[in-house]
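The values are calculated or read from the model by the stated rules, or taken from the named source; none is laboratory data. Being a predicted model, the structure only gives us computed values, none of them experimental. Glycine gets a Cβ as well: all are built from the backbone with ideal geometry, and neighbour counts include every protein chain shown. Accessible surface areas use protein heavy atoms only, side chains included; no ligands, DNA or RNA. Shrake-Rupley method; radii C 1.70, N 1.55, O 1.52, S 1.80 Å.
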Amino acid sequence: MSRQKLLDLGAAVAVAATVVVVGALLDAWTGFPKGTDALSHLTRLKFAADWFPSENWLYPWAAGMPTFGTYPALPYLISIIPVRLFGAETTLISLALLAMMSFLLGLYAFLALATRSRLAAFLAAIVVATSMAVWTWIVHDGVYARIVACGFGAWAWYAHERWRASDSRGWLVVAAALLAATVASHAFMGLVFAGVVALRTLPRLFALARIGGLALLIGAPAWLPAAASGAGSFFGAFHGAQVLSPIEVLWVPAHVGPAAPLFFAFAVGGSLALRRRPPALFLVLTVLAILYVFAPSLGIPDELYYVNGIDPFTVTFFVAIFAACAAAFAFAKVRPRRVIALVATIAVLIAAVAGAASGSARLIAAGGYPEVYDATSLGEGPSESMRTLRLPDDLEHRVMPNSADESVWISYRSRMPQLRDYYSQGQVHPEWLALAYTTLYDPPYDAPSARALLDWYAVSIVTVETTSDFRRNLPAMTASGDFRVSGGEGRYARLDVVHPAPLVVAMDVPLTVVVGSAEFYRLVTRTLLRAGVASDRALPVWWRGPLSGLDAATLARTGVLVVGASDLGDRTKAAEAVRDVARAGGRVVVDLTGWDAAQGLGSLLPIKGTLRVDFPPDWGLHGDVDATKFAPAKYEDGPWGAEVGTSLSPDARAVLALADHPVVAKRSEGAGEIVALGGNLLFHADYTRSLAERSFLVAYFVSAGEDPPARELSGSFRDPEHRVMTLDGPAIVLIKESWTPAWRAQPGTRTAPSRCSRPVQASWP
């Protein structure tokens, strides 16, 4: 074996040993996988292994699991066999170890080839391997997919450098394939590593187009679905207040560490002193990474820099990498004499060892960021959740966890659908998630509304964090008779719903079809839910199109048609739709807010025209209802202004009136009725939470007559995204599972329903 190969082998062994030792100092290779995101990655690993290959990797929800969303699946795909053989925990620890080794060895190989200095490459790899800024992505954040991406990305740099040196098409293809694997492991890390390759290929634009095109083609299965669905966007999305970064994070052991700035200062300073051109690319990248770290401190508007999920305070990772690379290139250019090189090497290695020892101890003992987040420690949320909840595989009901930690454990231990995923974002529409939490956890506790909530979402288990404000309704919940306390210790209490509703049910209840804007639909559904109306009494669906587009099949199922100030489409057909519903015995409710008499429906309305008036604080209404029980007619500190009717139609009567102006009026049409709802009462009831107003309004949104019984239905999951259901005859299928616009109903030849209703964010068609 040649001397050069022996040197490479020795350097590789030393780098690998450093990875093992530093990881051991941080307890990264023992116990439960470290980091807050480790729970989420365990969920995905086990899910991939359980359901492979029946999984759309970019689907945000499947079989009750918060799965991948924008997470490309490569790290999970390559882990399927180890998960089956050794379990998810062991696989995740091994994945972190192998990914860190691959990253550091690839970085050494790239720098050794690019700088033609094995010593410079070795020092850079050791500096990065001993920087706690690199390790926090595992032991604190638990973002294992990023580390896997770095493992592919470093070797992509190496393959690209081999291509630059040899102009070999084979190395070009290898570089493109590795870049594609980097993107498929983590989109942002792929962007960073591919960006460095692109910058180093700029002088050869045709070659840049070739390698970029190859990488895009090879990585298309990962990035194309995300881009097509709009989930591939990185910038400016959903982040809270950014933590200011103190300047010492650039050298203290718990962050970048002392070795990186020492090596950087020696190499770059020596290069400038000898009037050698410093390595411009990695110098610029180091400066950009530092600017990102301190952007909040510098007052830079976050829409100019923020990358979704990459908080500035965590990007010391890139400072360490780019500074080490810049130092390696500069060190190689300086070519110091043997004695100076020896002194520099000893100094950098001492700083690296001291920084690793001190930094790891500080991380273990830290109480803030960064720290070693260890779920095996007593009192940590995930560990307590695992002790509190032990669930069977149940796809018939939903769990409402109180914490993100608990949510991930529920996902990992079973496939029960939930109302919450890892980042506290709703797997149902965010507004409905907020409504669910305010209904159940915010006092005063409203038992009828909570009962309707449990029905609409098919909740079977609710957990309450007993150490937070979420516990305020706990006594009222346990006393309501709707829950049974079945367990809980320490931080969480578990409440089982006594009579849980199933996730999927067949029924013949008439539809409440809402025609109008999305916000108008939400007002109607919030009114129903807060009034305690269960799904077997009113089934609201949103018709997105114009009123004239309602088809005959939907009209035949409609018991209540609620119309806002929307596009009516063809006015003749719109009037026919209203007439058909009413004459069949249904009710049509036209909200007058924003309504112009010239808008249409003509003589069908119980009013002749509309005008806007300001109501007195006590409303000043007379009619069938005592309006003095309504909340005051105010908006903030100003008056309440809204549309009312100018006068009644000849065959109509006023339910509520302001002087001579009908505010709520109705007229008969066939066996049914048409109601004009003025005063913007729907919004006022929602705004004020007025029980009297809500009780008055909800009667108009629920069909008259006896409630039909639920129909028999059987079903099962064919795979994570497909549920097969069998009906005993024509019926509406009500699916209460998580909201997603990707859902479609595909009826078979012997099944009757042609629509699939999804409550709380149901839409038609």
Which of the strands (runs of 3 or more DSSP E) found entirely inside segment 516-606 contain at least 1 residues meeting this: closer than 22 Å to Glu643 by Cα?
558-563, 587-591
Is it the case that some residue within segment 570-579 is free of Cβ contacts under 8 Å to residues at least 40 places away in the same chain, more than 30 Å from Arg711 (Cα to Cα) and open to solvent by less than 10 Å² (accessible area, probe 1.4 Å)?
yes
Based on this model, can you work out whether Ala745 counts as within 24 Å of Leu550 (Cβ to Cβ), modelled with pLDDT under 65 and in contact with a Cys (Cβ under 6 Å, 6 or more places away or on another chain)?
yes
Limited to segment 149-195, what total is found for residues that are closer than 24 Å to Asp311 by Cα, aliphatic (A, V, I, L, M) and either modelled with pLDDT of 85 or more or touching a helix residue (DSSP H, G or I) at 6+ places or on another chain (Cβ under 6 Å) (or both)?
9
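Yes/no per residue for (1) in a helix (DSSP H, G or I); (2) touching a residue at least 40 places away in the same chain (Cβ under 8 Å); (3) open to solvent by 60 Å² or more (accessible area, probe 1.4 Å):
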| position | (1), (2), (3) |
| --- | --- |
| Val293 | yes, yes, no |
| Ser297 | yes, yes, no |
| Phe317 | yes, yes, no |
| Cys325 | yes, yes, no |
| Lys333 | yes, yes, yes |
| Ala344 | yes, yes, no |
| Ala352 | yes, yes, no |
| Leu363 | yes, yes, no |
| Glu371 | no, yes, no |
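Residue-wise test of (1) out of contact with any Asp or Glu (no Cβ under 7 Å at 6 or more places or on another chain); (2) within 27 Å of Ala584 (Cβ to Cβ).
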{"site": "Thr646", "(1), (2)": "yes, no"}
{"site": "Leu658", "(1), (2)": "yes, no"}
{"site": "Val664", "(1), (2)": "yes, yes"}
{"site": "Phe683", "(1), (2)": "yes, no"}
{"site": "Ser695", "(1), (2)": "yes, yes"}
{"site": "Ala699", "(1), (2)": "yes, yes"}
{"site": "Arg711", "(1), (2)": "no, yes"}
Top-ranked residue of segment 1-22 - restricted to ones that are part of a helix (DSSP H, G or I) and farther than 16 Å from Ala129 by Cβ, ranked as most open to solvent (accessible area, probe 1.4 Å)
Arg3
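Return yes when Lys629 is of a type in the set (Lys, Arg), under 19 Å from Gly678 (Cα atoms) and within 43 Å of the chain's Cα centre (by Cα) and no when it is not.
So Lys629 passes the test.
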Taking segment 527-554 and the residues there that are surrounded by fewer than 21 Cβ atoms within 10 Å (Cβ to Cβ) and of a type in the set (D, E, K, R), the one that is nearest to Phe696 (Cα to Cα) would be Arg537
Restricting segment 342-390 to residues that are aliphatic (A, V, I, L, M), within 36 Å of the chain's Cα centre (by Cα) and modelled with pLDDT of 80 or more, the one farthest from Ala38 (Cα to Cα) turns out to be Ala356
Matching helices (runs of 4 or more DSSP H) fully within segment 196-291 where at least 2 residues are modelled with pLDDT of 65 or more and out of contact with any Leu (no Cβ under 6 Å at 6 or more places or on another chain):
205-218, 259-273
Can you tell me which residue in segment 301-315 is nearest to Val134 (Cα to Cα), limited to those that are open to solvent by less than 60 Å² (accessible area, probe 1.4 Å) and hydrophobic (A, V, I, L, M, F, W, C)?
Val315
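Consider Arg494 carefully, then state whether it is surrounded by 18 or more Cβ atoms within 10 Å (Cβ to Cβ), part of a helix (DSSP H, G or I) and either on the phi > 0 side of the Ramachandran plot or of a type in the set (Lys, Arg) (or both).
no
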Total residues in segment 257-279, condition open to solvent by less than 20 Å² (accessible area, probe 1.4 Å) and either under 13 Å from Arg362 (Cβ atoms) or of a type in the set (S, T, N, Q) (or both):
2
Taking segment 683-729 and the residues there that are at pLDDT below 75 and in contact with a helix residue (DSSP H, G or I) (Cβ under 8 Å, 6 or more places away or on another chain), the one that is least open to solvent (accessible area, probe 1.4 Å) would be Pro720
Check on Ala125, more than 20 Å from Pro261 (Cβ to Cβ) and either part of a helix (DSSP H, G or I) or out of contact with any helix residue (DSSP H, G or I) (no Cβ under 7 Å at 6 or more places or on another chain) (or both)
no
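Please report, ordered by residue number, the helices (runs of 4 or more DSSP H) entirely within segment 23-110 with at least 3 residues that are open to solvent by 50 Å² or more (accessible area, probe 1.4 Å) and modelled with pLDDT of 80 or more.
Result: 80-86.
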Do we find that Gly559 is in contact with a Phe, Trp or Tyr (Cβ under 8 Å, 6 or more places away or on another chain) and within 26 Å of Glu669 (Cα to Cα) in this structure?
no
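For Ala165, are the conditions met, namely being open to solvent by 10 Å² or more (accessible area, probe 1.4 Å) and farther than 25 Å from Ala28 by Cα?
Spelling it out, Ala165 is indeed open to solvent by 10 Å² or more (accessible area, probe 1.4 Å) and farther than 25 Å from Ala28 by Cα.
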